[in-house]
Structures are given as C-alpha cells and as structure tokens.
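Every read-out reported here was derived from the displayed coordinates using simple, explicitly stated rules and does not represent laboratory data. Predicted model only: the values in this text are computed from it and were never measured. Here Cβ is always computed from backbone atoms with ideal geometry, including for glycine, and neighbour counts include all displayed protein chains.
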Amino acid sequence: MRVNCWEYKKCGRELGGKKVAELGVCPASVEKKVNGINSGRNAGRTCWVVTGTLCESRVQGDFEAKLITCLNCDFYQFVHKEEKKNFVFPDQVLKRFYKSVKK
C-alpha cells in the first residue's frame, strides 16, 4: 500500500484521527468497495469519487460537484504520477464502485 489521502493531506479524519470529533470520519478512509485501487487502502487513493471528503477545509459534495477541483488536486496528480500506466481513472473507479454495490 502507498500513501493514502488522509496521510498525504494530514487531515486527521481517518479512523482514530485527531480531527474526527470535530469533522467526522472521512468516508474515503472507510469505503471498502474500492479497496486496493491505485494501491490504496479503502478509497484512500480514489478519494475523488467519494462523497463527503474534505478539501480546502470544506466537506465536499458528490463526484460530479467536486470532479474539477479533484482533477486539479495535488494529491490526485501525485497518485496519477506514482501509478503511471497502472492508474485507474475516475470513470473506471466509479464502474467498480457501483458494480460492487449491485452485488
């Protein structure tokens, strides 16, 4: 596993994190449907498809509302560069996410 968003951003919203009481647990840190994608734990390296993640000190909305912001995010760019040809793009992550929901 590689660095996940909560580790990279140091937001403190992961389970047991220092800001959970104030901001709540980040859904990316507990979303297991996409575990392992882009070498992350839960949705830790696919946070851009998860509703309710934190960006610029604000809880973000759904995928469509936050997509442009996420595509320009330093963490998204970091993961894309690190994964290179193995990078799983948002549309493919969403397909996997919803495929697992239907099961």
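Looking only at the stretch 34-54, which residues have a backbone nitrogen under 19 Å from a spot 7 Å from the Cα of residue 10 in the C-beta direction?
54
Along the positive direction of the dipole of the chain (beta-carbon charges: Lys, Arg +1; Asp, Glu -1; about the Cα centre), which of 92, 21, 55 reaches farthest?
Going by the Cα projections, it comes out as 92.
Can you give the Rg/Rh ratio of the chain, where Rg is from the C-alpha atoms and Rh is the Kirkwood radius?
On the way: Rg = 12.6 Å, Rh = 13.5 Å.
We get a ratio of 0.93 for the chain.
For each pair in 9/66; 19/99; 18/81; 32/99; 9/81, compute the distance between the two Cα atoms and list the pairs where it is over 21 Å. Mind showing how you got there, number by number?
Details: 9/66 17 Å; 19/99 32 Å; 18/81 29 Å; 32/99 13 Å; 9/81 17 Å.
Over 21 Å Cα-Cα: 19/99; 18/81.
What FRET efficiency comes out for the pair residue 1/residue 99, r = Cβ-Cβ distance, R0 = 25 Å, nearest 0.05? Mind showing how you got there, number by number?
On the way: r = 22 Å, r/R0 = 0.89.
Approximately 0.65, to the nearest 0.05.
Just grab the label-to-label distance for residue 19 and residue 77, each label 7 Å out from Cα along the Cβ direction, in nm (one decimal).
Once both label points are built, they end up 2.1 nm from each other.
Only four residue types carry charge here, +1 at the Cβ of Lys and Arg and -1 at the Cβ of Asp and Glu. Report the dipole size of the stretch 37-86 about the Cα centre in Debye, rounded to the nearest 20. Write down the numbers at each step before the final one.
Numbers: 7 positive and 6 negative charges, 41 e Å.
With Lys and Arg at +1 and Asp and Glu at -1, about 200 debye.
Sort 84-96, 2-14 by packing, meaning the average of other beta carbons within 10 Å per residue, with the highest value first.
2-14, 84-96
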